[in-house]
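The values are calculated or read from the model by the stated rules, or taken from the named source; none is laboratory data. This is a predicted model, so every value here is computed, not measured. Heads up, the Cβs are rebuilt from the backbone with ideal geometry, glycines too, and the neighbour counts pull from every protein chain shown. These area figures cover heavy atoms from the full protein model, side chains too; ligands, DNA and RNA do not enter into them. Shrake-Rupley method; radii C 1.70, N 1.55, O 1.52, S 1.80 Å.
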Amino acid sequence: MDSKVQFYIDQLKRGQILLYPTDTIWGLGCDATNLSSIERIYEIKKRDRNKPFVLLLSCSSQLNEYVKDLHPRIENLLLYYHKPITIIYQAGNLLHPSILNDDGTIAIRITKNTFCKQLIEGINRPIVSTSANLQGTPFPSSFEEIHEMIKNEVDVVVDKIFETSRNKTPSILVKVSEEGELIFLRS
């Protein structure tokens, strides 16, 4: 593994907050099981605690660990949909209640970004991911648009060499109804 990637993995294991490129836009991230790190991201973004973050996983097989009931339509959606897609699931028991929505759901995206996959596999846990903006302000479509306060508050800014061509827009957001219908909340 690249020594730079290993450095970022080690920082996540130490509970550090990363400013990093994802498969969509630049984000703030940490180990999804480190509650003090999650709390720091809320503080950095000045975000309401009732607005949970997205979790990034490296592959769809990990969903069974964090999701209560995986609807069969989801696997097809993930297999055939090429754009980054975040899906809201009913959370399983392994996730701390503080990172869930009030209704017990969690938003999860299977990343296709090689760098993000390496981070997740390196810490062997999901990563919290949220756009690198202050609450109520537009998301940044490039590193240069990230507010200086965010850049100064994080522990580690990932080298821009890990930035790949991407959408520069947030992912598509989908929820599955109790009847199994796909509801597109953001496209």
What order do L77, L56, L35 take when sorted by accessible area (1.4 Å probe), most exposed first? L35, L77, L56
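Calculated from DSSP H runs of 4 or more alone, at -39500 (n - 2.57) each and per residue, what is the 222 nm mean residue ellipticity of the chain, nearest 500? Mind showing how you got there, number by number?
Details: 6 runs with 51 residues, N = 187.
Estimated from H runs of four or more residues: -7500 deg cm²/dmol.
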hull vol. (C-alpha, convex hull) per residue for the range 106-147, Å³ -> 108 Å³
Can you spot the lysines whose alpha carbon is less than 23 Å from K160's alpha carbon? Ignore those fewer than 8 places along the same chain. K4, K13, K45, K83, K112, K117, K151, K168
Where does the range 32-79 land on the Kirkwood hydrodynamic radius, alpha-carbon pairs, in angstrom? 13.0 Å
Taking a probe of 1.4 Å and leaving out DNA, RNA and ligands, the range 21-178 shows per residue an accessible area in Å² of 48 Å²
Calculated diffusion of the chain, Stokes-Einstein form, Kirkwood radius summed over Cα pairs, 4 °C and 1.567 mPa s, µm²/s: 78 µm²/s
With charges set only on the Cβ (+1 for Lys and Arg, -1 for Asp and Glu), what does the dipole of the chain come to about its Cα centre, in debye to the nearest 20? 220 debye
Calculate what fraction, in whole %, of the accessible area of the chain sits on carbon and sulfur atoms when a 1.4 Å probe is rolled over the protein chains. 48 percent
Given a Förster radius of 35 Å and the C-beta distance between L78 and N152 as r, what FRET efficiency does 1/(1 + (r/R0)^6) yield to the nearest 0.05? 0.45
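Over all directions, what mean area does the Cα convex hull of the range 1-64 project, stated in square nanometres? Let's see the in-between values first.
On the way: hull surface 21.5 nm².
Value for the range 1-64: 5.4 nm².
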